[in-house]
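Participant: Please find one structure pasted underneath; my questions will follow.
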Amino acid sequence: CDGDAIVMLASSGVHTNGLTLCRAIADRTPEGYLEKVSDGRTFGQALLDASVIYVKFIQACQQQNLHLNYAVHMTGHGWRKLMRLADPFVYRVETPGPVPPVFDYLMQAGPIELREAYATFNMGAGFAVYVKPADADRCVQLADQTGYTAWRAGTVRRVGARKAVEIVPLGITFDAETLQV
């Protein structure tokens, strides 16, 4: 994976991670699940967004002989899940992608700090794959062709024994000890 590109695939919903926290926030707000999110839906409606399943994308990669060095579904542990590999790598994200309105609502209503939101939720990135840099654009195209939104998000690098996720534009770093799985 050393030197690989990180390609992320979007998700508009919370998935299953963090739903306990979502229920607690609904219990604390005046309108609960009927509170409005910035896209006009209620909080309850936003929580009902279906979890995205990425099978068609993986199948297309296999059919096109696009080698994925690693694939990770970003549920529980949020963006820390990027460092799930046992080997020590630094996952440097330069382009985190857009954050769906439900997550902005959760941060405001919680309140939840930005760092904690990325530690808990997918924040709009539901799946990530690590591919050779030469394959990254093709990987994004295959995702688009199979109905997913994808983007080249960053790189994987070996930096001695260091293991971390760095979300550079946000100034957020998660070191290995934050991922207790």
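Participant: If I ask for residues that are touching a residue at least 12 places away in the same chain (Cβ under 8 Å) and either open to solvent by 40 Å² or more (accessible area, probe 1.4 Å) or more than 10 Å from the chain's Cα centre (by Cα) (or both), which ones from the stretch 62-75 would you list?
Facilitator: Residues satisfying the conditions are GLN64, LEU66, HIS67, LEU68, ASN69, TYR70, ALA71, HIS73.
Participant: Would a scan of the stretch 83-103 turn up a residue that is outside any loop (DSSP other than H, G, I, E, B), at pLDDT 95 or above and under 14 Å from GLY18 (Cα atoms)?
Facilitator: Taking every residue of the stretch 83-103 in turn, at least one turns out to be outside any loop (DSSP other than H, G, I, E, B), at pLDDT 95 or above and under 14 Å from GLY18 (Cα atoms).
Participant: What number of residues in the stretch 1-56 are over 21 Å from ILE112 (Cα atoms), over 16 Å from the mean Cα position of the chain (by Cα) and open to solvent by less than 20 Å² (accessible area, probe 1.4 Å)?
Facilitator: Summing the residues that are over 21 Å from ILE112 (Cα atoms), over 16 Å from the mean Cα position of the chain (by Cα) and open to solvent by less than 20 Å² (accessible area, probe 1.4 Å) in the stretch 1-56 gives 2.
Participant: Which of the numbered conditions does THR120 fail, given that it passes all the others? Conditions: (1) at pLDDT below 95; (2) open to solvent by less than 10 Å² (accessible area, probe 1.4 Å).
Facilitator: Checking THR120 against (1) at pLDDT below 95; (2) open to solvent by less than 10 Å² (accessible area, probe 1.4 Å), the one that fails is (2).
Participant: Which residues, counting only those in the stretch 29-40, are free of Cβ contacts under 8 Å to residues at least 40 places away in the same chain, assigned to a loop (DSSP other than H, G, I, E, B) and either out of contact with any strand residue (DSSP E or B) (no Cβ under 9 Å at 6 or more places or on another chain) or basic (Lys, Arg) (or both)?
Facilitator: Matches in the stretch 29-40: PRO30, GLY40.
Participant: Would you point out the residue of the stretch 138-181, among those that are of a type in the set (Gly, Ala, Ser) and assigned to a helix (DSSP H, G or I), that is nearest to VAL7 (Cα to Cα)?
Facilitator: ALA143
Participant: Check GLU113 against each of (1) at pLDDT below 95; (2) under 30 Å from ARG28 (Cα atoms) and name the one condition it does not meet.
Facilitator: Of everything listed in (1) at pLDDT below 95; (2) under 30 Å from ARG28 (Cα atoms), GLU113 misses just condition (1).
The values are calculated or read from the model by the stated rules, or taken from the named source; none is laboratory data. Please read these numbers as outputs of a predicted model, since none were measured by experiment. Neighbour counts are summed over all protein chains in view; Cβ atoms, including those assigned to glycine, are modelled from backbone coordinates with ideal geometry. When the accessible area is computed, the model is the full protein with side chains, heavy atoms only, and any ligands, DNA or RNA have been set aside. Shrake-Rupley method; radii C 1.70, N 1.55, O 1.52, S 1.80 Å.
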